[in-house]
Amino acid sequence: MNKRFFIAIGALASLLVMVLSGCGGSGGSSGPVTIKYWYTEGAQEAVVITQLISKFEQQNPNIKVDAQLVDFASAHDKFATAAQNGTAPDVLRADVGWNTEFAANKYLYDITKYVSASDKSDYLQAPLAYATYQGKLYGLPQVTDFLVLYYNKKVLSSAGITAAPKTWSDFDAANKKLTTGGKFGWAWEGSSYFSQPFIFSFGGGLFDTSTNPPTPIINNAGSVAGLNFLKQELAYAPKIDFQNGYTNAVKAFQTGQAAMLMNGPWEYTNILTGSAFSDPTNLGVAAVPMDQATGDVARSPAGGQNYIMYAGTKHPDEAYKFMSFMSSEASQVAIANANKTLPTRQSAYNDSAMASNTAVKSFAALLPTQKARPVIPQGGQIYATVTGFDPNLQKFLTGQEDAQTAANNIADGFKKLVAGS
Amino acid sequence: MSQSRPESATDAKTLAKQVTGELALPEQPYAPKRSTRSIVGSVATHAVLIITSIVLVFPILWIVFSSFKSNAEIQNTTIELFPSQPTLQNYVNILTDPTHQYPFWSWAGNSFGVAFATMIIGVSIALPAAYALSRFEFLGKQGVLLSFLITQMFPGALLLVPLYRLFTDLGLLGHPYALVIAYATTSLPFSVYMMKNFFDAVPKELDQAGLVDGLGPFGVFWRIITPLTIPGIAVVAFFNFMNAWNEFMLARAFLTDNTSLTLPVGLQSFVFAFGVDWGRLTAASLLVTIPVFILFVWAQRYLITGLTGGSVKG
Amino acid sequence: MADVRFQHVYKRYGENAPVITDLNLEIEDHEFLVLVGPSGCGKSTALRMIAGLEDISEGELFIGERIVNDVAPKDRDIAMVFQNYALYPHMTVFDNMAFALKLRHTPAEEVGQRVERAAQMLGITPYLKRKPRELSGGQRQRVALGRALVRDPQVFLLDEPLSNLDAKLRVQTRAEISRLHQATGTTFVYVTHDQVEAMTMGDRIAVLNAGLIQQLGTPQDLYDNPSNLFVAGFIGSPSMDFFEVKLHRKGDGHAEIIIGQGDEQQRLTLTGHAADVATGQAPGAGDTSDGRPLIVGIRPEDFTLNGASGGDGQTISGVVDVVEHLGNEQLVYVRLPGAYVPEAAETKGSTARLGPSEKVSPGDRISLHVDTSRLHFFDPSTTKSLV
Amino acid sequence: MATVTGTMMPPPMTRVTRMRRYLRSKWFAYACITPIVVATAVLIYYPLIVGIYYSFTNASGTNPNNVGIPFLNIPSTFKFVGLKNFFDIFANTDPTVDVRLIFLQTLEWIFFNAVLHFSIGLGLALLLNRKIRFRGVYRALLIVPWATPQFVAAFGWRFLFNGDYGFINLLLERLHLAPIDWTGQPSAAMAAVIICNVWLGIPFMTITLLGGLQSIPNELYEVAELDGANGWQRFQNVTLPLLRPTAVLVTMLDVIWTFNVFAIIFLITGGGPYHRSDTFVSYAFQVAIINQKYGLGAAYGVIILLILVVFVMIYSRLLRANEQVY
């Protein structure tokens, strides 16, 4: 052994120490408490969120918010991973479907004690239900959403269609007229979530939650009829690229290639950036069409986002302070005005600052078409590939399976899902 | 003669030359005389090579061109190779992160740190092991070699669950530097294999000369053989670095915080649930590729020697 | 300076038969000892044992008065020249030569002087700043020698140092190494497979085969009195010619040997020392009973062309196969009856060394006169010399 | 050992002396090898055993078979279920996925990649082995995909395959051909990921095979030519047999690498549509990490290991036949 060797080893060791301490050195010191927050909004939607966060930090100089963007698609499993390891964010913006799942897995902090009765009663009932598990409150609703029928007013009227289609037969007729010369009647996003309006409007559904465990009804007659109708109408939509279906559909509508689109309030501001809507009044918003026979049932899948708190948080008080700030009336109004999404507080709808927000008003008018989602622990995974929902839907749409077979397969997947195996 | 040294003197000399980079380029490859090949054949050869080159380079060119386009232009449905209004906006967005959503520098820092630490640890463990396997006969050697041969083939997917659980139990999940442990270890068998090839090419007489000159076994390893295999060490280092730099699966499974991501997972942030920000993705891809590319051009010649045990010249 | 002693040394690899069996060898101080033998005979192993590069399975090795079995090479104070020179490619010639001294913390000034001196001795001073790869084979060889020389070691080991040189350089360097030995007076142990090198350089030669010393002695001793068939066949070029014969004791106290059988049969009457051996009169001669089968060895130079056909009992005849003219002599390959070819022999078949003026052509039947006093006798079953 | 000068044979060594002497000469080798043995034992073999253990349980990241989270004081509730995971996989009971298809797709993935890598690589190597102009330029361009990080390649090709504004479909349209539904049609999706991986792997094959070709001595071709062999015969009788050792080695490396590819499948098609471009590796990731079914995921890991063991056994025989490394 010689000197040079020991110097080399010493240098190596000190390097390692430096490198490793770089990741372990944060936290622990006194002074302002840092709250880690994961948000899942898209770039445009997130602008108002970051504004609100800096406002919060101004009001609470002792609390710092380490806000990080996590893509919506991977947020679910990233949170699950981090939750098991103790590195999860103190607060997460979670899809309503995940709330019950995370609560059931004991990842979430029970915030019941923080929320006063009056505050609780200000929230809309449906969104609040998603935040409740076994009678306890595990989240604060941020936004609620559902699908509406967007349409291109100019294109429809020039085809002689005076009003947005109210029923599926109107929709079909409109599609037939609109699909000419490289243009399409509508565009479809190509994923399970967006097949729900069809399933629901013909009397179908995902689960019957009155039984325990919940029984899949995705393969009942109504659901199958909906799926068949969906496939029939796809003749009037651009070909679907399943990997990029969502963007492609939105883009087709934005550029006027497709005249109609079923999507949520969250996409409203983005749609207006499209070339077909340089005049914002050209964008029409209507309810998802209904099946004449089934009637005006709740048929648009309810969605939304909640603020949830991690069970392993070291600063629950501060974290709650942040959550409640973000879901306060003022914040909800600010978000609604910026992103045209639907608040979850009664008071927010009545706020004077909302008066000029016609978009939200027109969405709010359609709230009755919203169909509640099954509140089950596995809710977060209904649309994941694990259930076979998307895979079988794709098989059906590409002609590998008929609707009934696909629906039966999905039902089997649902059964396994709720059985937890 | 002892039985353990079958190679002839001339072999050893050639190999020594090869190690020290002395070996001249291989003699002219065999080629049929020009006259025997028709012009048509020559044109066809060039045509095939040109087309193949275009196909092989095009995806990267496409990324390059797209990175200078606006997102609107990228989504144009007409073929447009060159940006009509070239813009640096994508690069500005990546490098300055005006929305504080995509901490490219953190990702790059993590990737670099992880890759660098992997390289240091991987090389310092693999180097002596490869030397021992190249030079000594000892009880258990065959077992070690066999175990490396097998582990070399373990896919990440095999260790995914147990490592995930192990890291969870140790509270290491989510820390980018925890990946170093996995990366350095999983690339060890291959590092050893490559490094052994380089050591094998150094004549054993040099070790013996060192011993006779007054060095102990460590001295021989550190002062004679290590300096001679610096190209090999560099290649193994490069291999470890690249492995860590490019690894996606474990990073995707283990890392959660946006600021703790490595580049591959970080770049995936531009692929959203509802679309892809191609502008930023292409710009970032290019930024990630260029340094690797430069390193690669240097290393590839030696890399082949290492991979194929010197039986093939790069 | 020191002597080197092997005492009952064995070398085994695993369960295989030993590579070296019961090696007992004393290499004297200042001596130039050559270990020679065919490849795989264990000569390099023995050398590398002295260097400490090879473990000793059993027995003791002494350098001076010290048992060095477990002494590391660096502590043995030996220097070694390798077959492929083993110069450090990343060091200059100077550094290559100075390396061992530096490791021993020799003052820089002294290192410089010693390297300088050795370089001058070998004529490599102009190359001191070069890297080995910039040198020719011969120059590298000198550097390798120089590297060993500057050490002023107790023992100087050389492992086939000439085998990578071309023929001309080999002869030159041969002499140079001998001069070095005289100049330094150090113990030299030299390994080669080439018996010419062994004969020309060694004070003493140890012939090894299959891990056993066949014979140890001065070159002349080995040449004149090979102790067995192997040494007899190995030493000398062209090799000794061998014949399977029967000993015939005549009543008058004389003896003759019968070469070949039936029509081919030829007889040689023994004279001088050979006759003494064959009749059991020489000291130490073995079984010499009548009719005993023997192997007889005749050096090619002990033949002379005999124009008249024999009858004197000193002549043997055969058909010429090939004639090689060497200028000062010619080598004639003759088909003779009863010829025997041992494994180690360099030339297959019987050779006669004849004067350059003799007129011999392939196909000729010639009679060769044999100096029957200089025959060598070997026991066919033990291969040992009869003396 | 004691000095025994004078006696005929030294006394036989005891086991302890033998051991001590052995270690005295080998300590350095063991010192060199210890870190790596410890590292692989702790971080490869121990996890491997843990993985095998998990494969016999119903462990998952979700209730009711939670692995337990010490951090949140959640006890583990998963159970040993014997071979259930393997039965489930082999009986193909999962309604959401056809395991047989994933197996076939894995083979398909390996086969097409290996064959295309090798044939294209050999073809290019043969062309580049000729004495042609701009050889250096072609060679440099050929290396581009190799130097590209896998994930960048995946993003790039995903971009090219985009159904709407992807270059490939735009080109097909321009050529008045029907655009291809790259992510919607199983065969097209599989083709897409294979194309990307073939693209990535060609340079390695080309360069190593080119190296192999160049190390074949010229004299052999000249002798063959003197013997009257034509071009094809020279290829058959000189090139192919002498290239074999290189070819066997690089093909083995290629197959191992290809088998392990995850990023390309995950990032281009996500294994879709309906798992029709998944391989065992990419599917195992979805099971284990996305769905947090650790037990089942570990079982897939074990199956992957078994496939590799079979492969290694076949290949090591081939390797031995070729007198290759190890």
Evaluate the following for D:Leu126: is it in a helix (DSSP H, G or I) and in contact (Cβ under 8 Å) with a residue 12 or more places away in the chain? yes
Please work out which residue is nearest to the chain's Cα centre (by Cα), limiting yourself to segment A:70-111 and to residues that are assigned to a strand (DSSP E or B) and within 14 Å of A:Ile35 (Cα to Cα). A:Arg93
Is it the case that some residue within segment A:49-56 is among the aliphatic types (A, V, I, L, M) and under 30 Å from A:Val386 (Cα atoms)? no
Within segment A:149-161, does at least one residue satisfy the condition of being open to solvent by less than 10 Å² (accessible area, probe 1.4 Å), assigned by TED's automatic domain parsing to the domain that holds A:Gly399 and more than 25 Å from A:Gly304 (Cα to Cα)? yes
Which of the residues that make up segment B:129-161 are within 29 Å of D:Ala263 (Cα to Cα) and not aliphatic (A, V, I, L, M)? B:Ser147, B:Phe148, B:Thr151, B:Gln152, B:Phe154, B:Pro155, B:Gly156
Those residues of segment D:129-161 that are assigned to a helix (DSSP H, G or I), open to solvent by 10 Å² or more (accessible area, probe 1.4 Å) and free of Cβ contacts under 8 Å to residues at least 60 places away in the same chain come to a total of 7
Condition set under 21 Å from A:Leu342 (Cβ atoms) and open to solvent by 20 Å² or more (accessible area, probe 1.4 Å), scope segment A:374-389, selection nearest to the other protein chains (Cβ to nearest Cβ): answer is A:Tyr383
Test: C:Phe94 is of a type in the set (Phe, Trp, Tyr), under 13 Å from B:Gly210 (Cα atoms) and assigned to a helix (DSSP H, G or I): no
As an exercise: evaluate D:Asp94 against (1) surrounded by fewer than 18 Cβ atoms within 10 Å (Cβ to Cβ); (2) within 14 Å of chain A (Cβ to nearest Cβ); (3) not in a helix (DSSP H, G or I) and give the number of the one condition it does not meet. (1)
Extreme residue, surrounded by the most Cβ atoms within 10 Å (Cβ to Cβ), among residues of segment D:283-326 that are in contact with a strand residue (DSSP E or B) (Cβ under 9 Å, 6 or more places away or on another chain) and at pLDDT below 90: D:Tyr294
Any chance segment A:397-404 includes a residue that's within 14 Å of another protein chain (Cβ to nearest Cβ), at positive phi, surrounded by 19 or more Cβ atoms within 10 Å (Cβ to Cβ) and not in a helix (DSSP H, G or I)? no
For residues in segment B:70-97 being open to solvent by 70 Å² or more (accessible area, probe 1.4 Å) and of a type in the set (A, V, I, L, M), which is farthest from the other protein chains (Cβ to nearest Cβ)? B:Leu88
Counting only residues that are at pLDDT below 90 and part of a loop (DSSP other than H, G, I, E, B), how many does segment C:195-224 have? 2
Suppose we keep only residues that are aromatic (Phe, Trp, Tyr) and outside any loop (DSSP other than H, G, I, E, B) within segment A:190-218. Which one would you say is nearest to the chain's Cα centre (by Cα)? A:Tyr193
State yes or no: is D:Trp182 within 14 Å of chain A (Cβ to nearest Cβ), in a helix (DSSP H, G or I) and buried (at least 21 other Cβ atoms within 10 Å of the Cβ)? no
Open to solvent by 30 Å² or more (accessible area, probe 1.4 Å), in contact with a strand residue (DSSP E or B) (Cβ under 6 Å, 6 or more places away or on another chain) and at pLDDT 90 or above - does that describe any residue in segment A:103-110? yes
Which one of these does C:Gly349 not meet: (1) in contact with a Gly (Cβ under 9 Å, 6 or more places away or on another chain); (2) under 23 Å from C:Pro226 (Cα atoms)? (1)
From the list A:Leu367, A:Leu393, which one is more than 8 Å from chain D (Cβ to nearest Cβ), aliphatic (A, V, I, L, M) and within 22 Å of D:Thr183 (Cβ to Cβ)? A:Leu393
Residues of segment C:100-137 being open to solvent by less than 30 Å² (accessible area, probe 1.4 Å), hydrophobic (A, V, I, L, M, F, W, C) and assigned to a helix (DSSP H, G or I), which ones? C:Ala100, C:Leu101, C:Val111, C:Val115, C:Ala118, C:Ala119, C:Leu122
Could you look through segment B:35-69, keep only residues that are open to solvent by 50 Å² or more (accessible area, probe 1.4 Å) and assigned to a loop (DSSP other than H, G, I, E, B), and pick out the one that is nearest to D:Asn169 (Cα to Cα)? B:Phe68
Enumeration of residues in segment C:47-72 that are at the interface with another protein chain (Cβ under 7 Å from one of its Cβ atoms), of a type outside the set (Gly, Ala, Ser) and not in a loop (DSSP other than H, G, I, E, B): C:Arg48, C:Glu58, C:Glu60, C:Ile67
Taking only pairs six or more apart or across chains, which ones have beta-carbon atoms under 7 Å, a first residue in segment C:23-46 that is among the acidic types (Asp, Glu), and a second residue that is open to solvent by 10 Å² or more (accessible area, probe 1.4 Å)? C:Glu26/C:Asp3; C:Glu26/C:Arg5; C:Glu28/C:Asp3; C:Asp29/C:Met1; C:Asp29/C:Asp3; C:Glu31/C:Asp203; C:Glu31/C:Arg204
For segment D:73-91, give me the residue count where each residue is open to solvent by 30 Å² or more (accessible area, probe 1.4 Å) and within 14 Å of chain A (Cβ to nearest Cβ). 11
Quickly run through segment B:137-153 and pick out the residues that are under 27 Å from the mean Cα position of the chain (by Cα) and of a type in the set (Asp, Glu). none
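Let's see how each residue does on (1) surrounded by fewer than 23 Cβ atoms within 10 Å (Cβ to Cβ); (2) at pLDDT below 90:
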{"site": "D:Gln214", "(1), (2)": "yes, yes"}
{"site": "D:Asp227", "(1), (2)": "yes, yes"}
{"site": "D:Gln236", "(1), (2)": "yes, yes"}
{"site": "D:Arg244", "(1), (2)": "yes, yes"}
{"site": "D:Val248", "(1), (2)": "yes, yes"}
{"site": "D:Leu253", "(1), (2)": "yes, yes"}
{"site": "D:Gly271", "(1), (2)": "no, yes"}
{"site": "D:Tyr274", "(1), (2)": "no, yes"}
{"site": "D:Val281", "(1), (2)": "no, no"}
Just to be sure before I move on: is C:Glu58 farther than 11 Å from C:Val189 by Cβ and modelled with pLDDT of 90 or more in the structure I sent? no
Could you go through segment D:230-238 and let me know if any residue there is under 30 Å from A:Gly399 (Cα atoms) and in a helix (DSSP H, G or I). no
Could you check how many residues of segment C:271-284 are open to solvent by less than 30 Å² (accessible area, probe 1.4 Å) and within 29 Å of the chain's Cα centre (by Cα)? 5
Residue that is among the aliphatic types (A, V, I, L, M), open to solvent by less than 20 Å² (accessible area, probe 1.4 Å) and farther than 30 Å from B:Pro291 by Cβ, where the choices are B:Leu158, B:Leu170, B:Leu163, B:Leu127: B:Leu158
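The values are calculated or read from the model by the stated rules, or taken from the named source; none is laboratory data. The structure presented is a predicted model; accordingly, all values stated were derived computationally and were not measured. Every residue, glycine as well, gets a Cβ built from its backbone with ideal geometry; the counts of neighbours run over all protein chains shown. What goes into the accessible areas is simple: the full protein's heavy atoms, side chains included, and nothing from ligands, DNA or RNA. Shrake-Rupley method; radii C 1.70, N 1.55, O 1.52, S 1.80 Å.
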